[in-house]
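Q: Can you keep this structure in mind? I'll have questions shortly.
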Amino acid sequence: MSTPRDPQRDPATADLLDRARAWAAEDPDEVTRAALGEVLAAVEAGADAADLADAFAGTLAFGTAGLRGALGAGPNRMNRVVVLRAAAGLAAYLRDQGAVDGARVVIGYDARHNSHTFARDTAEVMNGAGLRALLLPGPLPTPLLAFAIRETGSVAGVMVTASHNPPQDNGYKVYLGDGSQIVSPADIEIAAHIAAVGPVADVARGGPAEILDDQIIGRYLRSVVGLVGDGPRDLTTVYTPLHGVGGATVATAMEMAGFTRPVVVEQQARPDPDFPTVAFPNPEEPGAMDLAMALAEETGADLVLANDPDADRCAAAVPGPHGWRMLRGDEVGALLASHLLGSGRKGVYATSIVSSSLLGKLARAAGQEYAETLTGFKWIGRVEGLAFGYEEALGYCVDPEHVKDKDGVSALLLLCEIAARAKADGRTLDDLLDTIATEHGLHATDQVSVRVTDLGVIRAAMDRLRSAPPTTLGGFAVEQVDDLAEGSADLPPTDGLRYRLADGGRVVVRPSGTEPKLKCYLEVVVPVEPEGGVDAARIVAAGRLDALRDDIRSAAGI
């Protein structure tokens with residue numbers, strides 16, 4: 001019989017226990033402090049220390065996406081100590097950048113575990129630093145926070161949310177006074193200020209935030225409703241907020257715009273931080289939209305609509321000959337762009353390098369500028385003269401004048417206008433997509449997304465692709481390989497690889513910035529011939545995407 005390990009005699013474990021006890025001593029949260037106490041007792045009794053070691057393995061990194069991670073005790077988790085330090089660092093950065101006494105910082109939060117507590121702590125730290133904290137009047141969509149920054153003349157905004165991450169996660173997203181998410185070097189400078197924060201007990205904390213009244217919601221809704229013009233409103237919709245905070249805002253916006261309120265998926269209608277009906281609260285994930293599409297089949301709806309839990313993304317599904325199907329983000333992006341171009345909106349139409357190249361063709365055909373950015377609205381929202389921006393991951397910016405970020409509420413309402421107008425003309429959204437394909441070629445996109453538990457798998461795949469780059473993919477020659485880590489005149493460096501193919505297709509491989517995933521973005525372009533039409537082009541495209549999917553998996557070793 002083996003002798004139990006004595007953690008006190010293991011120098012590494014003893015050091016880990018000392019650090020954990022010191023952490024517990026300054027943790028103001030009774031819940032995480034008690035949970036950590038139980039873990040400490042178990043490890044002291046000889047239990048495995050792996051989880052405790054991971055919680056204390058460095059510090060949760062602050063980057064351009066702010067903070068995001070699993071809830072729990074320790075510097076490598078989301079908790080009140082980490083948030084208080086982040087808030088103190090952000091406040092110091094704002095002061096260093098010239099924020100004066102009383103400068104406003106507006107704070108929003110979703111309905112995840114601890115979101116309101118993290119928002120309240122942030123507000124008290126801002127007030128303690130001589131700034132003026134404004135708190136949104138309840139758990140509300142992220143785009144409403146982005147709207148409120150400029151509407152209130154704030155120097156910064158904080159949104160406590162982990163968007164569509166699993167229920168055990170939370171996050172902390174930072175915006176500056178122009179209403180855009182932060183980019184480098186702001187993230188590096190804020191991180192340096194966070195690192196300089198001393199003991200949490202020494203962080204100055206003022207009184208509670210000034211809570212904004214519902215007028216801020218009304219002003220946001222009026223800006224959203226102002227996007228749609230007069231026109232048909234006959235449209236039956238099914239909607240799910242996926243247990244998030246978009247429900248009331250979407251229903252009110254639709255009603256204000258003259259649409260019938262949507263039929264809501266009852267099981268997912270109310271905010272619930274445990275997201276009990278879905279494996280992952282992301283409309284892109286398999287199964288997440290099943291309840292909504294079943295309800296649409298039952299009610300004979302024209303359109304299914306969904307938001308992710310913080311309502312900055314919008315998903316849609318349409319009926320077809322083989323049942324309901326999800327529209328890809330690139331399809332919704334093309335519909336929104338075509339509508340805005342047709343209505344005469346001028347400016348730059350922008351998307352990310354992993355999204356379809358179709359937007360460039362649509363913009364140029366209408367005589368408008370086109371731009372590509374790195375992935376994320378921290379880049380798209382900063383495009384000078386932006387008229388419309390989108391990324392394939394269901395994010396759309398249709399009103400950059402008011403919200404320089406993705407907005408699932410305004411995109412949803414605009415999609416309703418497009419669908420209602422098409423219905424009045426005896427057409428469907430699929431018909432509109434077919435017209436676009438006939439004019440510009442069928443741009444078919446897909447994605448290989450591999451979720452991992454070991455981030456080394458992602459590093460190994462990227463190393464393999466760099467050391468042994470494929471010369472063909474999907475049967476087409478690779479004409480150009482761009483290592484995005486090297487940067488270019490148009491794009492700052494990022495970890496990714498782009499392959500340009502002989503048929504006008506493209507593959508981009510990159511690690512996700514917010515989840516433990518390796519993502520491969522696929523696109524093929526097939527001309528629509530008069531004799532076969534769009535249906536024949538779809539068959540060709542499906543075969544090419546299948547071949548691309550197999551080849552990139554093989555090349556990356558995934």
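The values are calculated or read from the model by the stated rules, or taken from the named source; none is laboratory data. Everything numeric here is computed off the predicted structure, so don't read it as measured data. Using ideal geometry, Cβ is built from the backbone for each residue, glycine included, and neighbour counts are taken over all protein chains shown. Remember, those area values only see protein heavy atoms, side chains included, never the ligands or the DNA or RNA. Shrake-Rupley method; radii C 1.70, N 1.55, O 1.52, S 1.80 Å.
Q: I'd like the full set of residues that are out of contact with any Lys or Arg (no Cβ under 8 Å at 6 or more places or on another chain), within 17 Å of Gly376 (Cα to Cα) and in contact (Cβ under 8 Å) with a residue 60 or more places away in the chain, limited to segment 177-203.
A: Correct list: Ser184, Ala186, Asp187.
Q: Scanning for something open to solvent by 50 Å² or more (accessible area, probe 1.4 Å), in contact (Cβ under 8 Å) with a residue 60 or more places away in the chain and in contact with a Gly (Cβ under 8 Å, 6 or more places away or on another chain), does segment 527-535 turn up at least one residue? Write out each step before concluding.
A: The first filter runs over segment 527-535 and keeps only residues open to solvent by 50 Å² or more (accessible area, probe 1.4 Å), leaving 527, 529-531, 535.
Subset that is in contact (Cβ under 8 Å) with a residue 60 or more places away in the chain: 527.
Checking which are in contact with a Gly (Cβ under 8 Å, 6 or more places away or on another chain) leaves us with 527.
Scanning segment 527-535, I find at least one residue that is open to solvent by 50 Å² or more (accessible area, probe 1.4 Å), in contact (Cβ under 8 Å) with a residue 60 or more places away in the chain and in contact with a Gly (Cβ under 8 Å, 6 or more places away or on another chain), so the answer is yes.
Q: Tally up the residues in segment 137-192 that are part of a strand (DSSP E or B) and in contact with a helix residue (DSSP H, G or I) (Cβ under 8 Å, 6 or more places away or on another chain), please. Lay out the reasoning, then the answer.
A: The first filter runs over segment 137-192 and keeps only residues part of a strand (DSSP E or B), leaving 156-160, 169-176, 181.
From the residues that got through so far, the ones that are in contact with a helix residue (DSSP H, G or I) (Cβ under 8 Å, 6 or more places away or on another chain) too are 156-160, 170, 172-176, 181.
Adding up the residues that qualify gives 12.
Q: So Ala119 fits all but one of (1) within 21 Å of Ala70 (Cβ to Cβ); (2) in contact with an Asp or Glu (Cβ under 8 Å, 6 or more places away or on another chain); what number is the exception?
A: Ala119 satisfies every listed condition except (2).
Q: If you don't mind, there's one more thing I want to ask. Counting only residues that are of a type in the set (Ser, Thr, Tyr), in a loop (DSSP other than H, G, I, E, B) and buried (at least 16 other Cβ atoms within 10 Å of the Cβ), how many does segment 249-301 have? Step through it out loud before you land on a result.
A: Start the filter on segment 249-301 by keeping residues that are of a type in the set (Ser, Thr, Tyr), which leaves 249, 252, 260, 277, 299.
Remaining after also requiring in a loop (DSSP other than H, G, I, E, B): 260, 277.
From what's left, buried (at least 16 other Cβ atoms within 10 Å of the Cβ): 277.
Final tally of qualifying residues: 1.
Q: Among the residues of segment 389-424 satisfying the criterion of being part of a loop (DSSP other than H, G, I, E, B) and among the basic types (Lys, Arg), which is most open to solvent (accessible area, probe 1.4 Å)? So that I can check it myself, show each step before the final result.
A: As a first pass, look at segment 389-424 and keep what is part of a loop (DSSP other than H, G, I, E, B): 392-394, 398-407.
From what's left, among the basic types (Lys, Arg): 404, 406.
Numbers: Lys404: 46, Lys406: 13 Å².
Top of the filtered list is Lys404.
Q: Does Val481 fit the bill of being touching a residue at least 60 places away in the same chain (Cβ under 8 Å) and either surrounded by fewer than 17 Cβ atoms within 10 Å (Cβ to Cβ) or in contact with a helix residue (DSSP H, G or I) (Cβ under 9 Å, 6 or more places away or on another chain) (or both)?
A: Details: touching a residue at least 60 places away in the same chain (Cβ under 8 Å): no; either surrounded by fewer than 17 Cβ atoms within 10 Å (Cβ to Cβ) or in contact with a helix residue (DSSP H, G or I) (Cβ under 9 Å, 6 or more places away or on another chain) (or both): yes.
Against the criterion (touching a residue at least 60 places away in the same chain (Cβ under 8 Å) and either surrounded by fewer than 17 Cβ atoms within 10 Å (Cβ to Cβ) or in contact with a helix residue (DSSP H, G or I) (Cβ under 9 Å, 6 or more places away or on another chain) (or both)), Val481 does not qualify.
Q: Please pick out the residue among Gly102, Gly98 that is of a type in the set (Gly, Ala, Ser), closer than 22 Å to Lys404 by Cβ and either outside any helix (DSSP H, G or I) or open to solvent by less than 30 Å² (accessible area, probe 1.4 Å) (or both). Lay out the reasoning, then the answer.
A: On the way: Gly102 fails: closer than 22 Å to Lys404 by Cβ.
That would be Gly98, the only listed residue that is of a type in the set (Gly, Ala, Ser), closer than 22 Å to Lys404 by Cβ and either outside any helix (DSSP H, G or I) or open to solvent by less than 30 Å² (accessible area, probe 1.4 Å) (or both).
Q: Same structure, new question: Before we move on, is Val238 under 30 Å from Leu67 (Cα atoms), open to solvent by less than 20 Å² (accessible area, probe 1.4 Å) and not aromatic (Phe, Trp, Tyr)? Explain how you work it out, then say what you get.
A: Working: under 30 Å from Leu67 (Cα atoms): no; open to solvent by less than 20 Å² (accessible area, probe 1.4 Å): yes; not aromatic (Phe, Trp, Tyr): yes.
For Val238, the condition - under 30 Å from Leu67 (Cα atoms), open to solvent by less than 20 Å² (accessible area, probe 1.4 Å) and not aromatic (Phe, Trp, Tyr) - is not met.
Q: Looking for something open to solvent by 30 Å² or more (accessible area, probe 1.4 Å), among the polar types (S, T, N, Q) and either farther than 19 Å from Val409 by Cβ or in a loop (DSSP other than H, G, I, E, B) (or both) - is there at least one such residue anywhere in segment 198-220?
A: Within segment 198-220, none of the residues are open to solvent by 30 Å² or more (accessible area, probe 1.4 Å), among the polar types (S, T, N, Q) and either farther than 19 Å from Val409 by Cβ or in a loop (DSSP other than H, G, I, E, B) (or both).
Q: Now, a different point. Of the conditions (1) open to solvent by 20 Å² or more (accessible area, probe 1.4 Å); (2) on the phi > 0 side of the Ramachandran plot; (3) touching a residue at least 40 places away in the same chain (Cβ under 8 Å), Gly58 satisfies every one except a single condition; which number is it?
A: (3)
Q: Do we have any residue at all in segment 74-87 that's among the small types (Gly, Ala, Ser) and either free of Cβ contacts under 8 Å to residues at least 12 places away in the same chain or within 26 Å of Thr453 (Cα to Cα) (or both)?
A: Applying the first criterion (among the small types (Gly, Ala, Ser)) to segment 74-87 yields 74, 86-87.
Among the residues that remain, those that are also either free of Cβ contacts under 8 Å to residues at least 12 places away in the same chain or within 26 Å of Thr453 (Cα to Cα) (or both) are: 74.
Yes: one or more hits.
Q: Those residues that are open to solvent by 10 Å² or more (accessible area, probe 1.4 Å), over 13 Å from the mean Cα position of the chain (by Cα) and not charged (D, E, K, R), I need them from segment 168-185; list them, please. Break it down stepwise before answering.
A: Start the filter on segment 168-185 by keeping residues that are open to solvent by 10 Å² or more (accessible area, probe 1.4 Å), which leaves 168-169, 173, 176-178, 181, 183-185.
Of the ones still in play, those that are also over 13 Å from the mean Cα position of the chain (by Cα) are 168-169, 176-178, 183-185.
The answer is Gln168, Leu176, Gly177, Val183, Ser184, Pro185.
Q: Modelled with pLDDT of 95 or more and not in a helix (DSSP H, G or I) - does that describe any residue in segment 431-442? Full working, then the answer.
A: Step one: list which residues in segment 431-442 are modelled with pLDDT of 95 or more, which gives 431-442.
Those left that are additionally not in a helix (DSSP H, G or I): 441-442.
Looking through segment 431-442, at least one residue is modelled with pLDDT of 95 or more and not in a helix (DSSP H, G or I).
Q: Still on this structure: Which residue out of Ala88, Ala61 is within 30 Å of the chain's Cα centre (by Cα), within 30 Å of Leu131 (Cβ to Cβ) and either in a helix (DSSP H, G or I) or at pLDDT 95 or above (or both)?
A: On the way: Ala61 fails: either in a helix (DSSP H, G or I) or at pLDDT 95 or above (or both).
One residue alone meets the criteria, Ala88.
Q: Assess whether Ala502 counts as being of a type in the set (Gly, Ala, Ser), free of Cβ contacts under 8 Å to residues at least 40 places away in the same chain and either touching a strand residue (DSSP E or B) at 6+ places or on another chain (Cβ under 8 Å) or under 17 Å from Val354 (Cα atoms) (or both).
A: yes
Q: Of Ser355, Ser410, which residue is hydroxyl-bearing (Ser, Thr, Tyr) and farther than 30 Å from Asp234 by Cα?
A: On the way: Ser410 fails: farther than 30 Å from Asp234 by Cα.
Among Ser355, Ser410, only Ser355 is hydroxyl-bearing (Ser, Thr, Tyr) and farther than 30 Å from Asp234 by Cα.
Q: Quick one: Asn165 ticks every box in (1) out of contact with any Lys or Arg (no Cβ under 7 Å at 6 or more places or on another chain); (2) open to solvent by less than 60 Å² (accessible area, probe 1.4 Å) bar one, so which box is it?
A: (1)
Q: A further question on this structure: What pairs come up if the first residue lies in segment 245-269 and is of a type in the set (Phe, Trp, Tyr), the second is open to solvent by less than 60 Å² (accessible area, probe 1.4 Å), and their beta carbons are under 7 Å apart, counting only those six or more places apart or on different chains?
A: If the second residue must be open to solvent by less than 60 Å² (accessible area, probe 1.4 Å), the pairs left are Phe259/Arg233; Phe259/Leu235; Phe259/Cys416.
Q: Look through Thr428, Thr472, Thr435 and report the one residue that is among the polar types (S, T, N, Q) and buried (at least 17 other Cβ atoms within 10 Å of the Cβ). Full working, then the answer.
A: Working: Thr472 fails: buried (at least 17 other Cβ atoms within 10 Å of the Cβ); Thr435 fails: buried (at least 17 other Cβ atoms within 10 Å of the Cβ).
Of Thr428, Thr472, Thr435, the one residue that is among the polar types (S, T, N, Q) and buried (at least 17 other Cβ atoms within 10 Å of the Cβ) is Thr428.
Q: Output the number of residues of segment 314-337 satisfying the condition of being under 12 Å from Tyr390 (Cβ atoms) and either modelled with pLDDT under 95 or open to solvent by 30 Å² or more (accessible area, probe 1.4 Å) (or both). Reasoning before the result, please.
A: Of all residues in segment 314-337, those under 12 Å from Tyr390 (Cβ atoms) come to 314, 328-337.
Checking which are either modelled with pLDDT under 95 or open to solvent by 30 Å² or more (accessible area, probe 1.4 Å) (or both) leaves us with 328, 331.
Summing the residues that are under 12 Å from Tyr390 (Cβ atoms) and either modelled with pLDDT under 95 or open to solvent by 30 Å² or more (accessible area, probe 1.4 Å) (or both) in segment 314-337 gives 2.
Q: Considering only residues that are buried (at least 20 other Cβ atoms within 10 Å of the Cβ) and touching a Pro at 6+ places or on another chain (Cβ under 9 Å), which ones fall in segment 438-453?
A: Once the filter is applied, which keeps residues that are buried (at least 20 other Cβ atoms within 10 Å of the Cβ) and touching a Pro at 6+ places or on another chain (Cβ under 9 Å), segment 438-453 yields only Leu442.
Q: Just to be sure before I move on: is Gly69 open to solvent by less than 40 Å² (accessible area, probe 1.4 Å), among the small types (Gly, Ala, Ser), at pLDDT below 95 and within 26 Å of Asp274 (Cα to Cα) in the structure I sent?
A: Against the criterion (open to solvent by less than 40 Å² (accessible area, probe 1.4 Å), among the small types (Gly, Ala, Ser), at pLDDT below 95 and within 26 Å of Asp274 (Cα to Cα)), Gly69 qualifies.
Q: Here's a check for you: in segment 488-529, which residue that is aliphatic (A, V, I, L, M) and part of a loop (DSSP other than H, G, I, E, B) is modelled with the highest pLDDT?
A: Step one: list which residues in segment 488-529 are aliphatic (A, V, I, L, M), which gives 489, 491, 497, 501-502, 507-509, 518, 522, 524-526, 528.
From what is left, the residues that are part of a loop (DSSP other than H, G, I, E, B) are 489, 491, 502, 528.
On the way: Ala489: 81, Leu491: 89, Ala502: 91, Val528: 95.
That would be Val528.
Q: Now for a different question. Can you pull out the residues in segment 29-47 that are in a loop (DSSP other than H, G, I, E, B) and exposed (fewer than 15 other Cβ atoms within 10 Å of the Cβ)? Give the derivation first.
A: Start the filter on segment 29-47 by keeping residues that are in a loop (DSSP other than H, G, I, E, B), which leaves 29, 45-47.
Once the filter is applied, which keeps residues that are in a loop (DSSP other than H, G, I, E, B) and exposed (fewer than 15 other Cβ atoms within 10 Å of the Cβ), segment 29-47 yields Ala45, Gly46.
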